[in-house]
Structure formats: C-alpha cells, structure tokens
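Since the structure comes first, as structure tokens, the remarks are kept for the end.
The values are calculated or read from the model by the stated rules, or taken from the named source; none is laboratory data. Computed from a predicted structure; not experimentally measured. Virtual Cβ from ideal backbone geometry, glycine too; neighbours counted across all protein chains shown. SASA here: full protein model, heavy atoms, side chains in, ligands and nucleic acids out. Shrake-Rupley method; radii C 1.70, N 1.55, O 1.52, S 1.80 Å.
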Amino acid sequence: MTTETLTIVMIAAGCVFAIASVFYGIFRKFTQMSWLSYQIPLVFFIVALLRVIPEGAVPGSKFYLGVAITVAATALIVGGGALLRQAMLKKRMPAHGAWRFLNRLLGGVTALWDYIMIVAVLGAAVLSFFAYVYDPLPDLFGAVFELGIWKNFFAYHALDLVLVTGLVFAMRGGWRVGVARVIVIILMLALSFGSVALALYLSVFVPFFSDMAGGMAAGMAVASPAVAQIVSTAIVAFILFVIFFIISCILGFFTVKLIRRIRYDYFWGTLDAVIGCALSLLVALLVLMGLYAGFAALADGTVTAAVENLIAQISESAGDAVSYLQPAVDALKNLEGALQSYAAWLQSAPLSAAFFSNPFALH
C-alpha cells in the first residue's frame, strides 16, 4: 500500500467516525455528556507553563511543582465543570425550545470534539515518538514536523498531553468509583477465591466431607478407584463452592446497598470520592515514577554500572567463574546506547522531564 493510498484510507475512516460521533452527541445531548475533552486541553495548557519557570526558581526538582500544578488545575477545572453541570440539571422548569436545540447541537459538537481529542492524544504520543526516536514514514510525517505549530510548541509539549490525560482520567475515575466501591470489589474477589480454597480444603481434609466423597466414589461404576475419588471430591467441592458463593453474593448485595447509602449522603459520599480520587492518583503517580525511574537507570548506565560492580566483587572470590555474565553486561551497554533517543523523547516535555528525574530515580 502506497503512502497516498494509506492517507486516503485514514482520511475516509476518520470522516466516517466523525459523522457517527456527531449523531451520537445529538441524541445524547450536551448536558448528559462528559466534558473532559474540553477540560483536558485547559489542564494541559496550564501545565505547559512549567517550561517558562526557570530551574533555579524551584528549590530541588520540578517534579513536585509539576504534580501540584496538574492536580490543582484538574481539581479546579473538572470540579468546576461538575458544579456547573449540577446547576444546569437542577433547573426544574421546562427548557426553552432554543436551549433544547442548542443542547442537541452542542452535544454533536462535543462528541466530535471528543473524537478529535482521542486522535490528538494518540497522535501526540505517536508523532512525538516519530520525531525523537524513529520515523518509519518520513514522507508522510515530514511535512507535519515542519509546521510552525509543531516546531514552536508541540515538539516540546506533545508528550505532556498524554501524561495529563492519563492523570486526569485517574483522578476522575477515582472520584467516580470511590474507595468504598474499590473495597467492595476487593472483598468480593477475596470471598470468591476464598470460597474455592475453603471448598477444596473441606472436601479433602475434613472427615465428614471427605467421607461423603468416598461414599460417592464407592458407588461409581468407574474402572479406576483413583479417578472415582477425584471426581467425587470435585463434585463435593463444587457443591460447597456454590453454597459459599451464594452466601458471598448475599453479603455483597447488602454491602452494595450500604455503599449506595453512603454515596448518596453528601458528607460521606464526598469523603468517599475524595479518598478514592487521592488513592487513584497516588497509584498512577507511583506507577509512572517507577517506570520513568527504571528507564532512566537503564538509559544513563546506572544498571550497567551496578551489574559490572557486582561482577567485579564476585570475581575477587570466584575468579573467572562469573565470566559467563559478561555477555549480559555487553547487552546492557548496547541497550544503554539504543535508549539515548528514548531518553531525549521522554525529556522533551516539561512534566515528562520532571517524571524522568523523579525521587525514585537513582541519578
């Protein structure tokens, strides 16, 4: 497939999805749709101000400042949007015909903008990777990299759009789900696995249930007694599991009822949402910090140096017994050289660069 054909196919597919998005938004209505596609760019442009802050003006790393700005901007913009939506939905009087038309029209525009933002976020990740690491289609994307808006802004901020989107979704998801629902999910998973483990334990080690399985095995017309015992034990375990699972479901049903009462209470519902938002954000930050720190340690040779130092220490007592590890060291050195362009990519945007030198990093 030629570059021109690929371009035509991509444009045609994009138009089809865009038209479908507009019709979806018209039927869904603006007040019933998510406004994240408007809110994420606002948070992103606020975070982009990190680049204009001199390094010396911030004590230590920009990491804490970048996270603080992202969290504060998300809380202000997304929280403000939630309050505005609540005020709009509280109106009890019949809406004017002009507003009903505008509500549908804005719904279509919002759905189209949602689609554009999905393409923009994915495109920011892909294009920034192509610009800094490897471009498999220079004829197709070369013109994009020559545009002024790319050279003067997005070349230095595109990756932050991806990070901001991820963090905003983490915070919003934690707020909507809440910590209580997460606890219920963990509890139900634990009860399910616990039901399996308890059913197996009772059917094998408790005399009453094992004797029951043995009696069933004795009455089976199976040539092998061992097979009969296994089948009968599995049947008893399955029956016990069903009983325990039904009890777990009943417990889960009443727990969910309790959680719903908590969520509809203003104070406890808000507290539950805030804790869920904080925990979701913390998990997202820890995952990103770990990934960036691990990549930084590989890219700057920290891992290679540590492995070489360990081999040298072992060699003092074991002689050449660890010489077979040298190919691994050579592989790490080759990987370190290959990751230099990746390091430049991850440090191309201010927030991403802050994560690259986060407190977990060893350099």
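Overview of results
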item: In region 211-237, residue most open to solvent (accessible area, probe 1.4 Å) [restricted to those that are touching a residue at least 24 places away in the same chain (Cβ under 8 Å) and in contact with a Ser or Thr (Cβ under 7 Å, 6 or more places away or on another chain)]; result: Thr233
item: Only listed residue being small (Gly, Ala, Ser) and at pLDDT below 75, chosen from Gly25, Gly81, Gly66, Gly14; result: Gly14
item: Test for Gly174: is it crowded, with 19+ Cβ neighbours inside 10 Å and either among the hydroxyl-bearing types (Ser, Thr, Tyr) or more than 27 Å from Ala343 (Cα to Cα) (or both); result: yes
item: Restricting region 28-42 to residues that are open to solvent by 70 Å² or more (accessible area, probe 1.4 Å) and either in contact with a helix residue (DSSP H, G or I) (Cβ under 6 Å, 6 or more places away or on another chain) or of a type in the set (Lys, Arg) (or both), the residue that is modelled with the highest pLDDT; result: Leu42
item: Subset of region 214-253 that is more than 34 Å from the chain's Cα centre (by Cα) and of a type in the set (Ser, Thr, Tyr) - its residue that is nearest to Leu189 (Cα to Cα); result: Thr233
item: Pair list, Cβ < 7 Å and 6+ apart or interchain, from region 144-156 residues that are under 13 Å from Ala124 (Cα atoms) to residues that are open to solvent by less than 50 Å² (accessible area, probe 1.4 Å) and of a type in the set (Val, Ile, Thr); result: Trp150/Val144
item: Any chance Val164 is in contact with a helix residue (DSSP H, G or I) (Cβ under 9 Å, 6 or more places away or on another chain), β-branched (Val, Ile, Thr) and either open to solvent by 50 Å² or more (accessible area, probe 1.4 Å) or at pLDDT below 85 (or both); result: no
item: Close pairs (6 angstrom Cβ cut-off, 6 or more residues apart or separate chains): farther than 14 Å from Val109 by Cβ in region 28-48, surrounded by fewer than 19 Cβ atoms within 10 Å (Cβ to Cβ) and modelled with pLDDT under 90 anywhere; result: Gln39/Gly81
item: Residue that is modelled with the lowest pLDDT [pool: residues in region 84-97 that are assigned to a helix (DSSP H, G or I) and open to solvent by 60 Å² or more (accessible area, probe 1.4 Å)]; result: Leu89
item: Residue in region 193-203 that is within 30 Å of Ala273 (Cα to Cα), open to solvent by 50 Å² or more (accessible area, probe 1.4 Å) and under 31 Å from the mean Cα position of the chain (by Cα) present; result: yes
